[in-house]
Amino acid sequence: MSDISLRFATPDDANDIFKLVLALAQYEKLEHEVVSSPDHFRKVLADANSGVEVLLAEHQSMVIGFALYFRNYSTFVGKPGLFLEDLFVVPEFRKAGVGTALLQRFIEIAEERDYGRVEWHVLDLNQPAIEFYKNKIGAELIESWRVCRVNIGRAQ
């Protein structure tokens with residue numbers, strides 16, 4: 001779809017980002033885990049030292065998708081990388097190239113910065129996403145790694 005544009009989000013986009021986060025949580029059946037708010041996104045995007053960036057996909061000035069990511073570092077590669085925390089496209093624009101465009105731009109940003117790699121997680125039950133990442137993006141699924149997490153309180 002040629003009338004899709006990508007741009008970096010600003011603090012003024014916080015409400016749109018939060019709406020997409022809620023839609024993502026609903027899609028993943030994880031609404032009960034959302035404790036963030038538009039204010040959280042406004043604050044993190046206003047802080048130049050936060051390291052958090054958001055790419056937005058738009059169609060006719062309407063936000064239809066996003067990729068939120070931040071910098072990490074690989075001791076094995078000896079370079080920074082980017083970690084994609086969330087990628088989401090509203091249902092009516094899936095299969096229109098929006099997710100591909102967001103991921104390709106995300107990878108380009110890492111290349112432009114001379115970073116070593118990009119990484120992200122995918123739910124094992126999300127087979128459409130797994131196939132998309134493997135077949136369309138060329139991602140390698142690393143089956144031998146497991147995510148470990150310790151939640152520190154609940155930010156309010």
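A short reminder: the numbers here are calculations on the coordinates, not readings from a lab. What you are looking at is a predicted structure, and each value in this text was computed from that prediction instead of being measured. Counting neighbours? That spans all protein chains shown, and the Cβs are built from the backbone with ideal geometry, glycine included.
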Query raised in the report: In terms of modelled amide H atoms, which long-range or inter-chain residues lie less than 5 Å from the amide H of E85?
Result: L68, Y69, F70
Report summary line: Per-residue ellipticity at 222 nm attributable to helices in the chain (runs of n ≥ 4 DSSP H, -39500 (n - 2.57) apiece, nearest 500 deg cm²/dmol) works out to -8500 deg cm²/dmol
Query raised in the report: Taking 0.36 nm per residue of separation and subtracting the Cα-Cα distance, what length does fully extending D12 through S74 add?
Result: 19.1 nm
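Using +1 on the beta carbon of Lys and Arg, -1 on that of Asp and Glu, and nothing else charged, what's the dipole of the stretch 21-70 about the Cα centre, debye to 20?
Roughly 40 debye, rounded to the nearest 20.
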Requested in this report: Take every Cα pair under 8 Å in the stretch 2-156 that's 6+ residues apart, average their separations, divide by the length, and report that relative contact order as a whole percent.
Outcome: 19
Query raised in the report: Out of these labelled values of Kirkwood radius over Cα pairs in Å, [x] 17.5; [y] 16.6; [z] 15.7, which was calculated from the coordinates shown here?
Result: [y]
Query raised in the report: Where does each of 140-152, 30-42, 60-72 land if you order them by average Cβ count within 10 Å, highest first?
Result: 60-72, 30-42, 140-152
Query raised in the report: Which distance in nm do the two modelled labels at Y27 and V150 give, with both placed 7 Å along the Cα-to-Cβ direction?
Result: 3.2
